[in-house]
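Working notes, beginning with the structure itself.
The values are calculated or read from the model by the stated rules, or taken from the named source; none is laboratory data. Just so we're clear, the structure is a prediction, and the values are computed from it rather than from any experiment. Here the Cβ is made from the backbone with ideal geometry for all residues, glycine too, and neighbour counts use every protein chain on show. For the accessible areas, the whole protein counts, side chains as well, though only heavy atoms, and no ligand, DNA or RNA atoms are used. Shrake-Rupley method; radii C 1.70, N 1.55, O 1.52, S 1.80 Å.
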Amino acid sequence: MTINPVVDETPVIEKMPGLGEYTEQARAQRLEWYRSVTGTSLDALREPGVPAELVRGNIENFVGTIDVPVGLAGPLLFDGEHARGPIIAPMATVEGAVLASTARGARAMTDSGGVVTRVLRQRMTRVPGFGFGSLEQAGRFARWVPLQFDQLSARVREASRHALLLDVEAVQIGRDVHVRFCYETADATGQNMTSATTWHACQWILDHVGELSGVDVLWFIIEANMACDKKAASLNTIGGRGYRVVAETLLTRDAIERVLKTTPEMLHRTLQVFDDAAWHSGALGADVDAANVLAAMFIATGQDAASVFESGTAMISSRFEGDDLLITLTLPSLLVATVGGGTGLPQQQAFLEALGCAGPGKARRLAEIVTGFCLALDISTVSAIAAGQFVAAHEQLGRNKRL
């Protein structure tokens, strides 16, 4: 019997060129390497939409950019603490009908007197974990660490001039202790900022935990998953992570019937049905499709697109005030920034400037604007469902028609 040897036919791939380099030459070399490895032309990536030297800190192994169509929705009349007057929102999306629907909701709200918006608070959390050899040790540590707030706050101030430590809470789970650091982070979302400040604070903890006789830390990690970064979570819905923002509009019967093509009674009933279904299915939040606006405005303004998941937890409610319908939307954990991340890239900064949201001191304005337009889309979408127009609208606007 002849046994044929197994031949490994896996191709050998050379190391990617230009690692760690942010030059046009390095970008072109990586693109050519990728072309040779994949056997595709990649001609669409030949000319990048942003110079290679500008993306340092935003991306690694840069080869090109993807164009996402950007449209405009609005104007929407705002009566907020930070956002006032008529505002037009840039939204980057490839889903047809989103812009048209948002604009329709904005028109109905504006014709009814606009939207009232308020930022209620801003929070960012980082939750390191500490492991111990017994329940008794973990319990003693959990009681001790919140009492060190002043020392921990001082370490935070040494590490960052923007992060303000608000609270330190210890949560014991068996022999492990999760220490919840809660901050305000000015106009940055603060995920990276609070990682750095919490790390410095934890070094102080590790240096001084010896003050507790018989308590030994077996292990320490900077994030033990209780911050629920990039995840929807009940803890963040209640305790907050990002901005907690509320928007409300008092829709007149005339605007509902004329613009939204339904009635206040049908709109209110449909929202109640949505709320019942969300509760029954165990959903976090009970809105319609605010995530569409979040994703579109996040991309257009240089936000962390992955934060849409936790930012998209939303609650919408309605009640009658006389003949009009008051509709309220709350976003308990909206992560937006006007400094850092992708907000400094040329196109994204241009849209932030158009919104009056570029640079320090503007993040609360951006949070109110995003929430107001989320409410506009929710109202328009649920109205289309209530009036039986939802499928027809997507047939007309949301499907590619090939000749």
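Mind checking which residues of region 49-81 are surrounded by 16 or more Cβ atoms within 10 Å (Cβ to Cβ), assigned to a loop (DSSP other than H, G, I, E, B) and touching a strand residue (DSSP E or B) at 6+ places or on another chain (Cβ under 7 Å)?
80
Would you be able to say whether some residue in region 126-140 is in contact with an Asp or Glu (Cβ under 8 Å, 6 or more places away or on another chain) and in a helix (DSSP H, G or I)? Step through it out loud before you land on a result.
Let us first name the residues in region 126-140 that are in contact with an Asp or Glu (Cβ under 8 Å, 6 or more places away or on another chain), namely 126-133, 137-138.
Imposing the further condition that a residue be in a helix (DSSP H, G or I) reduces the set to 137-138.
Yes, some residue in region 126-140 is in contact with an Asp or Glu (Cβ under 8 Å, 6 or more places away or on another chain) and in a helix (DSSP H, G or I).
So residue 282 clears everything in (1) of a type outside the set (Ser, Thr, Tyr); (2) open to solvent by 40 Å² or more (accessible area, probe 1.4 Å); (3) at pLDDT 95 or above; (4) out of contact with any strand residue (DSSP E or B) (no Cβ under 8 Å at 6 or more places or on another chain) except one condition, right? Which one?
With respect to (1) of a type outside the set (Ser, Thr, Tyr); (2) open to solvent by 40 Å² or more (accessible area, probe 1.4 Å); (3) at pLDDT 95 or above; (4) out of contact with any strand residue (DSSP E or B) (no Cβ under 8 Å at 6 or more places or on another chain), residue 282 is out only on (3).
Within the set of pairs 6+ apart or on separate chains, which have a first residue in region 131-157 that is touching a residue at least 12 places away in the same chain (Cβ under 8 Å) and of a type in the set (Val, Ile, Thr), a second that is surrounded by 13 or more Cβ atoms within 10 Å (Cβ to Cβ) and in a helix (DSSP H, G or I), and C-beta atoms under 6 Å apart?
156/197; 156/201
More than 30 Å from residue 317 (Cα to Cα) and open to solvent by less than 40 Å² (accessible area, probe 1.4 Å): does that describe residue 245? Lay out the reasoning, then the answer.
Details: more than 30 Å from residue 317 (Cα to Cα): no; open to solvent by less than 40 Å² (accessible area, probe 1.4 Å): yes.
The answer is no for residue 245.
With 329, 325 as the choices, which residue is open to solvent by less than 50 Å² (accessible area, probe 1.4 Å) and farther than 28 Å from residue 235 by Cα?
Details: 329 fails: farther than 28 Å from residue 235 by Cα.
Testing whether each residue is open to solvent by less than 50 Å² (accessible area, probe 1.4 Å) and farther than 28 Å from residue 235 by Cα leaves just 325.
What are the pairs, 6+ residues apart or on separate chains, where a residue within region 100-113 that is part of a loop (DSSP other than H, G, I, E, B) has its Cβ under 8 Å from a residue that is open to solvent by less than 20 Å² (accessible area, probe 1.4 Å)?
Hits for this filter: 112/249; 112/251; 112/255; 113/249.
Mind listing just one residue for me: the one in region 150-207 that is among the aromatic types (Phe, Trp, Tyr) and surrounded by fewer than 17 Cβ atoms within 10 Å (Cβ to Cβ) and, of those, farthest from residue 222 (Cα to Cα)?
Looking only at region 150-207, we keep the residues that are among the aromatic types (Phe, Trp, Tyr), and these are 181, 183, 199, 204.
Keeping just the survivors that are surrounded by fewer than 17 Cβ atoms within 10 Å (Cβ to Cβ) gives 199, 204.
On the way: 199: 6, 204: 13 Å.
Once the filter is applied, the top-ranked residue is 204.
Could you give me the residue pairs with C-beta distances under 8 Å whose first residue belongs to region 76-97 and is at positive phi, whose second residue is at pLDDT 95 or above wherever it lies, and which are 6+ apart or on separate chains?
85/77; 85/78
Only one of (1) touching a Phe, Trp or Tyr at 6+ places or on another chain (Cβ under 8 Å); (2) assigned to a helix (DSSP H, G or I); (3) open to solvent by less than 20 Å² (accessible area, probe 1.4 Å) fails for residue 316. Which number is that?
That leaves (2) as the condition not met.
Looking at region 119-140, which of the residues that are in contact with a Ser or Thr (Cβ under 9 Å, 6 or more places away or on another chain) and within 16 Å of residue 243 (Cβ to Cβ) is most open to solvent (accessible area, probe 1.4 Å)? Quick ask: steps written out before the conclusion?
Let us first name the residues in region 119-140 that are in contact with a Ser or Thr (Cβ under 9 Å, 6 or more places away or on another chain), namely 119-120, 122-128.
So of that shortlist, the ones also within 16 Å of residue 243 (Cβ to Cβ) come out as 119-120, 122-125.
On the way: 119: 14, 120: 102, 122: 8, 123: 54, 124: 0, 125: 0 Å².
Taking the candidates together, the pick is 120.
Assuming residue 236 fulfils every condition listed in (1) polar (S, T, N, Q); (2) open to solvent by 40 Å² or more (accessible area, probe 1.4 Å); (3) touching an Asp or Glu at 6+ places or on another chain (Cβ under 8 Å) apart from one, which condition is it?
(2)
Would you check if residue 273 is farther than 20 Å from residue 331 by Cβ, buried (at least 19 other Cβ atoms within 10 Å of the Cβ) and of a type outside the set (D, E, K, R)?
Details: farther than 20 Å from residue 331 by Cβ: yes; buried (at least 19 other Cβ atoms within 10 Å of the Cβ): no; of a type outside the set (D, E, K, R): yes.
In short, no.
Output the helices (runs of 4 or more DSSP H) that fall wholly within region 320-403 and possess 1 or more residues being at pLDDT 95 or above, or say none.
Details: elements: 346-354, 363-386, 390-397.
Here the list reads 346-354, 363-386.
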